[in-house]
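The values are calculated or read from the model by the stated rules, or taken from the named source; none is laboratory data. No experiment lies behind these values; they were computed from the predicted model shown. Quick reminder, even Gly has a Cβ in these numbers, built from the backbone with ideal geometry, and neighbours come from all protein chains shown. Ligands, DNA and RNA are stripped out before the accessible areas are found, and what is left, the full protein with its side chains, is counted by its heavy atoms. Shrake-Rupley method; radii C 1.70, N 1.55, O 1.52, S 1.80 Å.
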Number of protein chains: 2
Amino acid sequence: MPGTSIPESTCDVLIVGAGPAGLMLATWMARCGVKARIVDKRGTKIFNGQADGLQCRSLEIFDSFGFADRVWKEANHMIEMCMWNPGPDGIIRRSDRVPDTPVGISRFQQVVLHQGRIERFFLDSLKEHSDIQVERGVLPEALEIDESKVEDSAAYPITVTLRHLSEEEAMPEQSKNGAGTSDGLFRSNLAADDSDDLIRKSQGKEGTSEIVKAKYMVGCDGAHSWTRRQLGWEMQGEATDYIWGVLDIIPITDFPDIRFRCAIHSENNGSLMVIPRERGLVRLYIQLKEIVPDSSGRADRSRITPAVILRAAQKILDPYKLTYDYCDWWTAYQIGQRVGTNFDAHQRIFLAGDAVHTHSPKAGQGMNVSMQDSFNLGWKIGLVVNGRCPRSILKTYQSERRRIAQDLITFDHRFSRLFSGRPAKDVLDQEGVSMAEFKQAFVKGNEFASGLSVDYGASMLVAKDGSSVEQGDGTDVGAASSASGKQVVGKQQLCSNIRLGMRFPSFKVLNQSDARPWHFQERLLSDGRFRIILFAGNVSSATQKERVDSFCATLDAPKSFIRRITPPTAKIDSVVDILTLHSAKRTDVELLRDFPSILHPFDDKTGWDYAKVYVDDESFHEGHGQAYKNYGVDPERGCVVVLRPDQYVGYIGEIEDVSDLEAYFGGVMIERGVNGS
Amino acid sequence: MPGTSIPESTCDVLIVGAGPAGLMLATWMARCGVKARIVDKRGTKIFNGQADGLQCRSLEIFDSFGFADRVWKEANHMIEMCMWNPGPDGIIRRSDRVPDTPVGISRFQQVVLHQGRIERFFLDSLKEHSDIQVERGVLPEALEIDESKVEDSAAYPITVTLRHLSEEEAMPEQSKNGAGTSDGLFRSNLAADDSDDLIRKSQGKEGTSEIVKAKYMVGCDGAHSWTRRQLGWEMQGEATDYIWGVLDIIPITDFPDIRFRCAIHSENNGSLMVIPRERGLVRLYIQLKEIVPDSSGRADRSRITPAVILRAAQKILDPYKLTYDYCDWWTAYQIGQRVGTNFDAHQRIFLAGDAVHTHSPKAGQGMNVSMQDSFNLGWKIGLVVNGRCPRSILKTYQSERRRIAQDLITFDHRFSRLFSGRPAKDVLDQEGVSMAEFKQAFVKGNEFASGLSVDYGASMLVAKDGSSVEQGDGTDVGAASSASGKQVVGKQQLCSNIRLGMRFPSFKVLNQSDARPWHFQERLLSDGRFRIILFAGNVSSATQKERVDSFCATLDAPKSFIRRITPPTAKIDSVVDILTLHSAKRTDVELLRDFPSILHPFDDKTGWDYAKVYVDDESFHEGHGQAYKNYGVDPERGCVVVLRPDQYVGYIGEIEDVSDLEAYFGGVMIERGVNGS
């Protein structure tokens, strides 16, 4: 390549891969105002098939970016799960019904909507909030990192050569074959990766390369991750012999539960999962007992066709009938569970999503865990690039997310074997799978699959007792600590249902100034700010009001820690947002009269801020949220909770524990001078 | 004009005016698949100010077209109304709080969002469902109707000459003045109409006219309606001396209730209404006591400025302070209440919205009643053009909507006087307004303003006892009647909370096939279909199941009335949609096994229809809708309800009363041959 003609540029963050994980990362960059680029080797976004289950937690995250409502409206809602097993006569029958989403854990329930729509909502959101655009048909072909510069915050230690493909080159093989049903095999794990092919075909042409110098790089480039290969890291785990087919069809059937999620174990013909979808579609995961891997451990793709998959489904569903007129998409995959050995290099290059964990798709977790990886990572990179947080917080990404990935594949390993196994004929049938055990695993899986059981370990970001090494993936990520070096440990006992390290739950509260009910979580937008939740308690009591006033006076003092971490010319709530929830009667108190101004800052152009003080009281139209009771907080005395920008609980303390609060922020934020507003 | 060069074309429906009333009409045309055009003399849509209160009923209607969620998300929700009156010391104080929307009447509450956004949602919906586009800078300049053809369904008796303005000509005067705050005075009733000016300026130029032959025409062209003037009709009613100013500002104030809707009567300085809005904006309606009309009865526009209006507001709010840095829009108007003498000509040309009723804007009803006019009219025109209904149903538009307009201005007349009057000092102060009387009127006003008290009188569309002449605006619109001429009267006693002539209320129900909770109203899409709601009762009981089976057998018979009114090649549910709500336990019954197929028709390509049968049962996540109890229907025996395409109740009967049901449809639908599917 003639080096002289290659254009060179810089960007803060380079994202490789524009699937859900990459788009989530880009969305954070947009909200943090970071200069980022996102490239994808494919020439077009996907339109059919692919992953499509959405956990409660993913919907909560979408809502924090403002587009959960679009998903909720278009998606199919999964309400009930039915289990079908062979009876004594060998004929399948419904043996159980359970709620698909455990009751009460979230304001959302698990839904299904195809990945192309999710990507569309991300793209619309990016367009609305930034000028970040996905650059399609662009892929990296060389990567270097200058290790001497990795600890210099201002440096661009990463050098990537990007190749721009022609439209023809970037088109997936499948699309070139023209019309007909979409076939996902070319992206399945049964197919080899095509990145090297793409690069080779395109090499030697002029004007198609550029060099990008980046501060950070995130590889969201899938199971065959090119980025991971450059770093020389491995995936650890194993594959199995189980081959599954997937059909997205509008079914014509007399099977009574076709609109419920179903787990069906047939006596001898394998298992099948029914996932009802939007627009009358149903996704079927079908065990292909007749397809077995060859000596290399891989199944022969050419033997797998929609007709083969349908026949397998028909056998499992017998005596019920199943056909279809319309097939939207189909694919096949081989079950395997693997986790990456490393999630980052020098806290400069990160991997997320399928690039660091692969598992079976049936629990509907893949897209969710992938997006949640980059949801965990994005704000950390954003705040470091913006100079608000030290680089040391970046280590928590691997500690927090690799641990989750390990938990996930452990679960998936067990669940896949239970689901792929032949049902036991009786208690003596030790080779068969016990249906009671399967149900138990399924119910536990549903909790796991909600995404709400995630519990991050102690670190500088989570003021929890114990060792970060033990509570994470083994990485040492320090601890919240005071200036004297003493570890800050939040007072978990002050709120029984707000758990350090877990996401802040949501109950309905009312805006003090207009009585409108909100789910508290709706106020926790993903805008890169930490949040102090002041449970102000019963501010009608003089004693309690004094405690609150004193707390506010400390925070509002000229050299308070909030002023020190907020840039001098920025608004006082631009780094840390304070939201108040009190438990007095709404009509007994007034915002301007009864709450210190730091809880509702004044602005010369827009007056007082009416969106920060809430009350736990009865609404006219939506009942009483009973937030204090549900959060498990003393309604008289309240407490103080700190939420990270991703809504995970970092700290809990008494209203008086301002020095601990200050120590927590001292460990994670960089002082910027004194804010004078 | 050189007649030879004027292009000529036909369309089924020509709509003049693309405000909310015109856009609602166009939306119906889109959903009914009718060839329609919509023209507006303005060159751009509006961006600021204008009407913005949205009633519950308007939100229900938006939801039936699929975009209520967009309004709900962006709008400010009005929860509580506060009344402020002078105390014995003459200083204003809060005297009362009431829920802004009466509790329990709708799944929506009153919200506020500016008209420009509402128009945007209509335009997006039109784009999604049709190729109807608003033609801007186009206005009619001549209108003829050939009376000899008005009763011929196939004829185009209306001839309209349309003039296409240049961009310069179509721009509102205000916009030409350049930057600065938007001023609505040019569209206020204090300003004269500019249609004639626009036509005069543009005349004599070549290539700017065209002739359109239309079957139907709807004038949604505002208070100065050009269409109304061509027809020579008058507005009846009167103006008052009260002049009001309107400011849309981000207020800077210490008034404690600025985020509540407030009605404030000052002792001597007039009244003020606070309407909190989206994006921190507040609309203030401010009585301008110092501006009085001249001898012509009109106020001098030039004396009214934002500064004058703000000063009036400051006096009323004293001792609270009010200023602003940002003003979004302002205007002024003179209160008047008038209703058009006629709403249609030959059931060919119709008027809707401000063209036939004007009143004060403070109750937030103008845009709502206007949209509801054309919501009432649109499906009737659509079904007549499509040959499904006889032309005779078109007469019910004036009968139903002129009566509503009359009720509205009677209420507004009284309310405006109570609000504009000086508060009484004591019970002996007979010239003053009693604050108790005002509160009473306000609460009644809120019920009225929900849009849910609309109760259409007896007609061929509403099988109600009594005379259509007395129950409507005086027009004779016939009655539902059997072949023998006997009037069909629905059995109101079968459902205490589903009222003949009123909109069908909504409670939560579950889909039988997937257990998903829906508000029943969500299933009543505005798609031009009548609906039979089969309250199937307790289908677990053999007796009841026999009644339901027998009902279905009659409807499914080869020459049933449903088959006779459905085109032979169309789907069986394309004219009348049957929705079932039963009261058995959900898990005791199955769709395919227990419900006759006409309740969930089979399609060769898409299989069974899983979206038509619902159950009144407990949900996992959203409680129990108690629909039978709330509808007031016997959960054992059920009943049959017919909804018009606008969700108003047309008929109620026992499951056995198929001959009455047939008579009802016989009166409103045209037979199309026998549907063989």
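Tabulated data for the structure shown
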{"read-out": "Chain pair B, A: total accessible area buried, heavy atoms, 1.4 Å probe, Å²", "value": "3900 Å²"}
{"read-out": "Distant-in-sequence amide H partners of B:E135 (H built 1.01 Å from N, under 5 Å)", "value": "B:I38, B:V39, B:D40"}
{"read-out": "Relative contact order (%) - the stretch B:2-132, alpha-carbon pairs under 8 angstrom, separation at least six", "value": "31 percent"}
{"read-out": "Computed over the stretch B:1-129, Kirkwood Rh from alpha-carbon pairs, angstrom", "value": "17.6 Å"}
{"read-out": "Accessible area per residue, Å², chain B with all protein chains present, probe 1.4 Å", "value": "37 Å²"}
{"read-out": "Shape call, the protein assembly as shown: gyration tensor on alpha carbons, a/c limit 1.5", "value": "oblate"}
{"read-out": "Unit charges at the beta carbon, dipole of chain B: most positive-side option, B:G485, B:I211, B:Q347", "value": "B:I211"}
{"read-out": "Sequence ranges A:629-638, B:208-217, B:281-290, ranked by mean other-Cβ count within 10 angstrom, highest first", "value": "B:281-290, B:208-217, A:629-638"}
{"read-out": "Accessible surface of the protein assembly as shown [probe 1.4 Å, protein heavy atoms]: carbon and sulfur percent", "value": "49 percent"}
{"read-out": "Copy-to-copy label separations for A:A142, where each label sits 7 Å from Cα toward Cβ, in nm and ascending", "value": "7.6"}
{"read-out": "Gyration tensor (alpha-carbon) shape descriptor, the stretch A:579-661, a/c threshold 1.5", "value": "oblate"}
{"read-out": "For chain B, calculated [θ]222 nm from helices alone, where every DSSP H run of n ≥ 4 adds -39500 (n - 2.57)", "value": "-8000 deg cm²/dmol"}
{"read-out": "Local electrostatic count, B:K491, Cβ distance below 13 Å [Lys/Arg +1, Asp/Glu -1]", "value": "-3"}
{"read-out": "Kirkwood-based Rg to Rh ratio, the stretch A:340-469, C-alpha trace", "value": "1.09"}
{"read-out": "Aspartates and glutamates with Cα under 14 Å of B:K629, excluding same-chain neighbours fewer than 8 positions away", "value": "B:D616, B:D617, B:E618"}
{"read-out": "Total formal charge among the other residues, if their Cβ is under 10 angstrom from that of B:V212, Lys/Arg +1 and Asp/Glu -1", "value": "0"}
{"read-out": "Lys, Arg +1 and Asp, Glu -1 on Cβ, resulting dipole of the stretch A:250-324 about Cα centre, debye, nearest 20", "value": "260 debye"}
{"read-out": "Cα centroid separation - the stretch B:546-584 against the stretch B:117-149, whole Å", "value": "36 Å"}
{"read-out": "Assigned charges on the beta-carbon of Lys, Arg, Asp, Glu; the protein assembly as shown dipole about Cα centre (debye)", "value": "40 debye"}
{"read-out": "Straight-distance crosslink candidates among aspartates and glutamates, where the alpha carbon sits under 12 Å from B:K289 and sequence neighbours closer than 8 are dropped", "value": "B:D241"}
{"read-out": "Gyration tensor (alpha-carbon) shape descriptor, chain B, a/c threshold 1.5", "value": "oblate"}
{"read-out": "Buried on assembly, the stretch B:586-601 (at least 30 Å² less accessible surface than by itself, 1.4 Å probe)", "value": "B:R586, B:T587, B:E590, B:L592"}
{"read-out": "Cross-link reach list, lysines versus A:K439, counting only Cα pairs under 20 Å and skipping chain neighbours closer than eight places", "value": "A:K362, A:K425"}
{"read-out": "Chain A: relative contact order in percent, alpha carbon pairs under 8 Å with at least 6 residues between", "value": "14 percent"}
{"read-out": "Positive-end extreme of charge dipole, the stretch B:416-456 - chosen from B:L452, B:S416, B:Q440 (charges on Cβ)", "value": "B:S416"}
{"read-out": "Antiparallel content of DSSP bridges confined to chain A, in %, to 5", "value": "70 percent"}
{"read-out": "The stretch A:618-676: proportion of alpha-carbon pairs further apart than 20 angstrom, %", "value": "46 percent"}
{"read-out": "Point-charge dipole on Cβ atoms (K/R +1, D/E -1) for the stretch B:284-439, about Cα centre, debye to 20", "value": "500 debye"}
{"read-out": "Length added when fully stretched, A:S9-A:K149, from 0.36 nm per residue minus Cα-Cα", "value": "48.6 nm"}
{"read-out": "Positive-end extreme of charge dipole, chain A - chosen from A:T606, A:G537, A:A30 (charges on Cβ)", "value": "A:T606"}
{"read-out": "Rounded to 5, the percent of DSSP beta bridges in the protein assembly as shown classed as antiparallel", "value": "70 percent"}
{"read-out": "Cβ neighbours within 10 Å from other chains - mean over B:315-325", "value": "1"}
